[in-house]
Structures are given as C-alpha cells and as structure tokens.
1. Modelled label-to-label distance, Ser204 and Glu98, 7 Å Cα→beta-carbon offset: nm?
2. Just grab the label-to-label distance for Ser146 and Val77, each label 7 Å out from Cα along the Cβ direction, in nm (one decimal).
3. Averaged per residue, what accessible area in Å² does region 112-197 show with a 1.4 Å probe, protein chains only?
4. Of all accessible surface on region 102-198 at a 1.4 Å probe, what whole percent is carbon and sulfur?
5. Using a 10 Å cut-off on Cβ atoms, rank the peptides 50-62, 106-118 from the highest mean neighbour count down.
6. Run the numbers for Ile178 and Lys57: contour at 0.36 nm per residue of separation, minus the present Cα-Cα distance, in nm.
7. What ratio of Cα Rg to 2.2 N^0.38 Å holds for region 95-167?
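The values are calculated or read from the model by the stated rules, or taken from the named source; none is laboratory data. As the structure is a computational prediction, the values presented were derived from the model and not from experiment. FYI the Cβ positions are ideal-geometry reconstructions off the backbone, even for glycines, and counts take in every protein chain you see. Heavy atoms of the whole protein, side chains included, go into the accessibility calculation; ligands, DNA and RNA do not. Shrake-Rupley method; radii C 1.70, N 1.55, O 1.52, S 1.80 Å.
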Amino acid sequence: MIKELIKAKMAVSIAGIAALVICFLFLVTNPFHWNFLPFNRQLTIDKTENVVEKIRKIAEFSSANYYEEIVIKESRVYQSRVGKALNWMHLGNDSTKEELVIIGKGRLRAGFNLESLKDEDIKVDTDTLYITLPKVEIFDVIINPSDCENFVEEGKWTHEEVVALQLQAKEQIKQNAIEYDILTMAEKHGKEKLSALFRNLGFSKVIIMDKDAIINNQD
C-alpha cells in the first residue's frame, strides 16, 4: 500500500515537472507570436512621420544667447545758409558740430530652426533616432526702445536718423557675437540639449548627423 502511494506521488511530481517544462518552452519559443506582458514588453515609439511632426513643432530651438551694451555715435558738421555764404566768400567759417551718441542694450539668439527639417532628415529604427540637423543660425537681435538711451544729442536729429543709428547698433552686436564664436557655441550646446530632449521622448540612442561630424549619444 505504501509503495503504491509513493509511486503515485512520484508520477504526479514527474507530470508536474513535465508540464512546467512544456510551459517554459512555449513561452520561450512563442509559436503563435502572442504578447505575454510583462514578459515580452517592448519599447513602442511613434512612426517616423509622427516624430518628424513633433520635432518640427519645436520650431526655433534657441541654444545660445549673447548680451552686450554697445555705444554707437554719429557726428556731422552743420552749416546754415548764412554760414555757407560766409564760407564761400572766405569771410569766416560759421559751422556747428552736431553729435548723437546712443547706448543700447541688445540680446542675440542663435540655434537650430527645426521647422526646416525635411522628412528624409529624420529616421526612426526601433529605439534609435537618426537626425540630420540644419545649419545653426542667428534668429534675431533684439534692442527694445526702452533699452536705448540718447547719451549725447547735440543738434537736430530726425526720428529716422535715430532709428538708423539703432539699426547700426543691432548690426554691430551681430558682428561682435559672430567674432565671439556664438555660432559654434550654439551648435555644441544645441546638440547636447537636443540629444537629451530626444532621449526623454523615449529613444535610448540618438545619432545626430551633419556635414561636418556625427555625434553618437547613448545612455
């Protein structure tokens, strides 16, 4: 009687082990391609066209700023009609020096215009993003009217002449920023920030490509 009970228990144990082995092999091979969550969880990312649209919506991705307080001046010699007549007759030089000095505080923004990306510039391969960025560019130079001060104003200057001098200040800030290598800084910082941003979207690997180099960023 005891031997029969032992044999019955052994048979049940062997049958249980066989069932576990069969279940394990079924889960591993998955012949019907069933998705057994959480055992077969996979990273899911939007299709490429959806990713392109999301990145384009970022538009101007500013990655570097340049601030400067600049002084621009303009001077000229003014002669009245009487003064011109006296000068013509060599009876004297009745002239007045006019001067305008403007102090302006300006800010420049530079970065990547992601709105200009084309479909072929972005490729998604499972959890890897390949993106070819456009050239870094200067978005704008901002000098608000409240940031400008007429430090010196001698003589009569029209509103148009004052505005022209302010535009000259903007152009000077732009040139100074380029000499300061603002574009290189914007490119370097922009790629680092964009790589982090894209990884936050769910990509474990981001490959940024351009004409000059390929930067591989991976967690």
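1. Going by the 7 Å Cα→Cβ label model, 7.1 nm.
2. 4.2 nm
3. Details: 5160 Å² over 86 residues.
Accessible area per residue, region 112-197: 60 Å².
4. On the way: 2680 of 5440 Å².
On region 102-198, the fraction of accessible area on carbon and sulfur atoms equals 49 percent.
5. Details: 50-62: 15.4, 106-118: 19.0.
Top of the packing list down: 106-118, 50-62.
6. Numbers: separation 121, 0.36 × 121 = 43.56 nm, distance 2.74 nm.
Extra length from Ile178 to Lys57 when fully extended: 40.8 nm.
7. Details: Rg = 22.2 Å, N = 73, 2.2 N^0.38 = 11.2 Å.
My calculation over the Cα atoms of region 95-167 gives 1.98.
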